[in-house]
Amino acid sequence: MYRAEMLKLRTTRATWVVAAVAVAGMLVVQAFTILLPTILRGAEALGGGTGVGLQASPESFEELAPDLGALTDAAQPAFQRGMLDLLGNGLNGSGSVGVATVCMLLLGVLAVTTDFRTGGIVPTALVQPARLRILAAKAGATATVALGVGVVLALVGALGLTVAIVTTPGATLALGPGEVLGVWARGLAVLVLLTWFGLGIGTLVRGQVAGVVTVAALALAEPIVRGAVTLLSGGESAAAEWLPLGLGALASTGQSGAALLGGAAPLGTLAALAGLVAWVLLLLGSGAATLQRRDLV
């Protein structure tokens, strides 16, 4: 069954498109992050050093300048972890949802909903009546694709970080080999978990359009919810940090959007990874139960 599911993914154009978009999104984020210091210096120059180019008062610019400098300094460990982040969230995990995150969710959704849309699930079930084995095979195949995409994203991240360090005077690699490998290993694990999260969504909703809309709604709504909770609680509540996509970003680099400018992350990487696993078990478990009970057509 695993080979059959891998064959489906290899011969489906959507899989290649999703992988290509994930890599292209990573390239765009890397390029923007590398060019951001130049953009900020140009904006400051246009304002004559007063911050007019940034449409801010001189006092506001003076307050923001140290934070912006730290945010874009290639010598800082936080910047380097952000460049190596396989999710490609940009700006050291600014709280936004990266392109790679959306692509992995869509990969899981499409892996199962395509079978329902084309009717391929029926002959698959005739060959393998055990429906949980079908789902397990899809999980294994999508995990393999996610790992392959993750390796390419790691290479892009390493190249981007190298360019950033080389083009920044006095900058050196501030991360040890163990920390670099840790960011990549956690990033690969998060990519696989996000794919399985999407697989759970697809198994539950079955409809391809409905699955894609659900992913889009999640990607748009979660940052808004996190921001609203942070605003309404005055930054005191970490409840929104337990939402799935935020957990993925935090587990990948250990950096949270809520702690972007130097604060401590509200959760540790292991706690965030465990929280994401719990979300995946909930969605995929619910999808498996639904797949067992409902008719295939």
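The values are calculated or read from the model by the stated rules, or taken from the named source; none is laboratory data. Every value quoted in this text rests on a predicted model; they were computed, and no experiment measured them. For neighbour counting, all protein chains shown are included, and Cβ atoms are generated from backbone atoms with ideal geometry for every residue, glycine included. Side chains included, ligands, DNA and RNA excluded: accessible areas come from the protein's heavy atoms. Shrake-Rupley method; radii C 1.70, N 1.55, O 1.52, S 1.80 Å.
Stretched out straight at 0.36 nm per residue, the stretch from residue 21 to residue 166 would grow longer than its current Cα-Cα span by 49.5 nm. Each pair of Cα atoms in region 108-251 enters the Kirkwood radius, and Stokes-Einstein at 20 °C and 1.002 mPa s then converts it into a translational diffusion coefficient of 119 µm²/s. Here the accessible area is traced with a 1.4 Å probe on the protein chains. For region 125-260, carbon and sulfur cover 75 percent of it.
Highest mean packing first, where packing is the average number of other Cβ atoms within 10 Å per residue, the peptides 281-289, 126-134 line up as 281-289, 126-134. The label-point distance for residue 293 and residue 278, in a model that sets each label 7 Å from Cα toward Cβ, rounds to 2.3 nm. Annotation: residue 218 carries an accessible surface of approximately 40 Å², with a 1.4 Å probe and no ligand, DNA or RNA atoms counted. What the Cβ-Cβ distance of residue 155 and residue 117 gives, at R0 = 35 Å and to the nearest 0.05, is a FRET efficiency of 0.55.
Positive-end ranking of 233, 187, 215 along the dipole of region 134-254, with charges on Cβ about the Cα centre, is headed by 215.
Charge dipole (Cα centre; +1 on Lys/Arg Cβ, -1 on Asp/Glu Cβ; no other charges) of region 144-297 amounts to roughly 340 debye.
Taking every protein chain into account, the 1.4 Å probe leaves residue 138 with about 10 Å² of accessible area, to the nearest ten. Label separation (residue 12 vs residue 216): 1.9 nm, computed from points 7 Å beyond Cα along the C-beta direction. One decimal place: the segment residue 238-residue 286 gains 14.6 nm when fully extended, by the rule 0.36 nm per residue minus the C-alpha distance. Rolling a 1.4 Å probe across the protein heavy atoms gives region 95-156 an accessible surface of 36 Å² per residue.
Taking all protein chains together and a 1.4 Å probe, the residues 99, 23 rank 99, 23 from largest to smallest accessible area.
Computed with a 1.4 Å probe over protein heavy atoms only, the accessible area of residue 242 comes to about 110 Å². At a probe radius of 1.4 angstrom, the accessible area of region 174-227 per residue rounds to 39 square angstrom.
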